[in-house]
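J.: The structure follows.
The values are calculated or read from the model by the stated rules, or taken from the named source; none is laboratory data. From a predicted model like this one, the values you see are computed outputs, not experimental measurements. Here the Cβ positions follow ideal geometry from the backbone for every residue, glycine too, while neighbour counts run over all protein chains shown. Side chains included, ligands, DNA and RNA excluded: accessible areas come from the protein's heavy atoms. Shrake-Rupley method; radii C 1.70, N 1.55, O 1.52, S 1.80 Å.
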2 protein chains.
Amino acid sequence: MGEEIPKIIIGRLPLYLRVLRRLKNEGEVYASSQELGEMLDISGAQIRKDLSHFGELGKRGTGYEIEFLIEKIRQILNINQVWNIAVVGIGDVGHALARYNGFVNRGFKVTAIFDSNEKKVGTEVQGLVIRDIKDLKEVIHKEDIKIAAVATPASAAQSVTDSLVENGIKAILNYAPIYLKVPDDVLVEYIDPAIHLQKLSYYLG
Amino acid sequence: MGEEIPKIIIGRLPLYLRVLRRLKNEGEVYASSQELGEMLDISGAQIRKDLSHFGELGKRGTGYEIEFLIEKIRQILNINQVWNIAVVGIGDVGHALARYNGFVNRGFKVTAIFDSNEKKVGTEVQGLVIRDIKDLKEVIHKEDIKIAAVATPASAAQSVTDSLVENGIKAILNYAPIYLKVPDDVLVEYIDPAIHLQKLSYYLG
DNA sequence: GTAAAATTGTGCAAATAGTCACAAGCAAAG
DNA sequence: CTTTGCTTGTGACTATTTGCACAATTTTAC
């Protein structure tokens, strides 16, 4: 309990949460580790062991109470609050993120969008005005933003990242196809469709 | 060499490739494992060990010849060819994928796009006509498509996936926020921005 | 009230992944 | 040709992750 939780376990919690939400939606009240495992292609033992890091969350003979476990995982992941998100770079991807409705009830809300293109600045997307990248500092502080998505061309991604970090951003979701250099206390997750596909094509022989 | 290559190693090869491409672009000819490692926050030893699974690709005292290694990794990942990709669901994400220029020279090309919305069918995106989802079978076979991206709402994703699998699709890039049930010989990669962000928020305390 | 069935939590074993450190090979300098 | 410096490939070791199997606990059936 007092120890550090392995990153790989934290990475699975959002998956557990997603499937628990689904079961709750379907009217289920309890779920066993076996059942959850089958829905995720993960062994029941692994799910039990993962969850055991956070206390005794299940009940022998019955399984896990879905509503309770959802709440517990939300607490662990710090998403029993809403994090404001900044999106930088309003091309196709930035646009898709700004309009994405998958954030609702999952702990996040896009509250600021930025671009460097003067023609875009001032126009609206999903009710949000596109701000000039030069206003990064002002907006980030005003909106108390700690998480940003970088959706700029690769050529701009590192310098945008540097500005974000300088202004207190602590976590970045990076869509640009490059590795970002950041200080140790800043976290980055990467999304690059080509990289994901290349992992797959290996197995297609 | 004859053995099975661990999945985790295959997963890193695309990253190596991306940084090698970048170095090549900058005019470099050789790169050491140390240098590559620093650009990726991976130890040099790990890069050497990963690559050693595929033969002796480096030269002692010199490092790896960039052009040669790029070609080698492209061969390993089966991207020394172009895979035709089908995108299903032309909302914001599907649209972004269809227009994505990050696939060029990375082994993939979107050659078919589908939607079920009659108003969208027949219109063009990036020079491609949106086809009715009912024409899946015909188009997939005609274009010899083996890889598809699912960018539909969650409610449609599983049934779309079933059709894709039935028509010979062997790898899926899934943007819908659900786990997809597929036969053992079909591979799926998942992209869900909320899931990625939830992995980050844990560490934001 | 007892027996049978279900399911968790967990110690231990197995498998997988990553690091270290160094012999071996190559290049450059003198 | 020899020495020096650099870098790979890899065996041995360490760390991490996963799977197994079962005691402990709860529920259900009779």
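J.: Please work out which residue is farthest from the chain's Cα centre (by Cα), limiting yourself to segment A:59-80 and to residues that are near DNA strand C (Cβ under 8 Å from one of its atoms) and open to solvent by 40 Å² or more (accessible area, probe 1.4 Å).
T.: A:Gly61
J.: Here is a check on your reading of the model: is A:Leu15 within 13 Å of DNA strand C (Cβ to nearest atom) and among the aliphatic types (A, V, I, L, M)?
T.: No; evaluated as a whole, the condition is false for this residue.
J.: Starting from segment A:85-98, keep only residues that are within 9 Å of chain B (Cβ to nearest Cβ), then list their pairs with residues that are part of a strand (DSSP E or B) and among the basic types (Lys, Arg) whose Cβ atoms are within a distance under 9 Å, requiring at least 6 positions of separation or different chains.
T.: Between residues of segment A:85-98 that are within 9 Å of chain B (Cβ to nearest Cβ) and residues that are part of a strand (DSSP E or B) and among the basic types (Lys, Arg), the close pairs are A:Ile85/A:Lys109.
J.: Which residue, of B:Lys134, B:Lys142, B:Lys146, is under 22 Å from B:Lys7 (Cβ atoms), charged (D, E, K, R) and in the same structural domain as B:Lys109 (by TED's automatic domain parsing)?
T.: Within the list B:Lys134, B:Lys142, B:Lys146, the selection yields B:Lys146.
J.: Next question. Output the residues belonging to segment B:7-40 that are farther than 22 Å from B:Arg106 by Cα and open to solvent by 20 Å² or more (accessible area, probe 1.4 Å).
T.: Once the filter is applied, which keeps residues that are farther than 22 Å from B:Arg106 by Cα and open to solvent by 20 Å² or more (accessible area, probe 1.4 Å), segment B:7-40 yields B:Ser32, B:Gln34, B:Glu35, B:Glu38.
J.: Cβ-Cβ below 7 Å, separation at least six or inter-chain, first residue in segment B:23-35 and touching a residue at least 40 places away in the same chain (Cβ under 8 Å), second surrounded by fewer than 16 Cβ atoms within 10 Å (Cβ to Cβ): which pairs?
T.: Between residues of segment B:23-35 that are touching a residue at least 40 places away in the same chain (Cβ under 8 Å) and residues that are surrounded by fewer than 16 Cβ atoms within 10 Å (Cβ to Cβ), the close pairs are B:Lys24/B:Glu67.
J.: Give segment B:164-205 a look and list any residue that's in contact with a Lys or Arg (Cβ under 9 Å, 6 or more places away or on another chain) and on the phi > 0 side of the Ramachandran plot, or say none.
T.: B:Gly168
J.: Additional query: Restricting to segment A:99-113, count the residues that are surrounded by fewer than 18 Cβ atoms within 10 Å (Cβ to Cβ) and either within 13 Å of the chain's Cα centre (by Cα) or more than 8 Å from every other protein chain (Cβ to nearest Cβ) (or both).
T.: Number of matching residues: 6.
J.: Looking for something aliphatic (A, V, I, L, M), crowded, with 17+ Cβ neighbours inside 10 Å and out of contact with any Leu (no Cβ under 9 Å at 6 or more places or on another chain) - is there at least one such residue anywhere in segment A:81-89?
T.: No, segment A:81-89 contains no residue that is aliphatic (A, V, I, L, M), crowded, with 17+ Cβ neighbours inside 10 Å and out of contact with any Leu (no Cβ under 9 Å at 6 or more places or on another chain).
J.: Could you please let me know if A:Ile90 is within 16 Å of DNA strand C (Cβ to nearest atom) and closer than 29 Å to A:Tyr175 by Cβ?
T.: no
J.: Determine whether B:Glu143 is out of contact with any helix residue (DSSP H, G or I) (no Cβ under 7 Å at 6 or more places or on another chain) and farther than 30 Å from B:Ile70 by Cα.
T.: no
J.: Of the numbered conditions (1) more than 22 Å from the chain's Cα centre (by Cα); (2) near DNA strand D (Cβ under 9 Å from one of its atoms), A:Glu38 satisfies every one except a single condition; which is it?
T.: Exception for A:Glu38: condition (2).
So that you can scan it fast, the table gives a plain yes or no per residue for (1) away from DNA strand D (no atom under 11 Å from the Cβ); (2) not charged (D, E, K, R):
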residue	(1), (2)
B:Gly44	no, yes
B:Leu69	no, yes
B:Gly91	yes, yes
B:Ala98	yes, yes
B:Ile113	yes, yes
B:Lys120	yes, no
B:Ile130	yes, yes
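J.: Please determine, by comparing only the residues of segment B:41-53 that are crowded, with 16+ Cβ neighbours inside 10 Å and without any contact (Cβ under 8 Å) to a residue 40 or more places away in the chain, which one is farthest from A:Asp184 (Cα to Cα).
T.: B:Leu51
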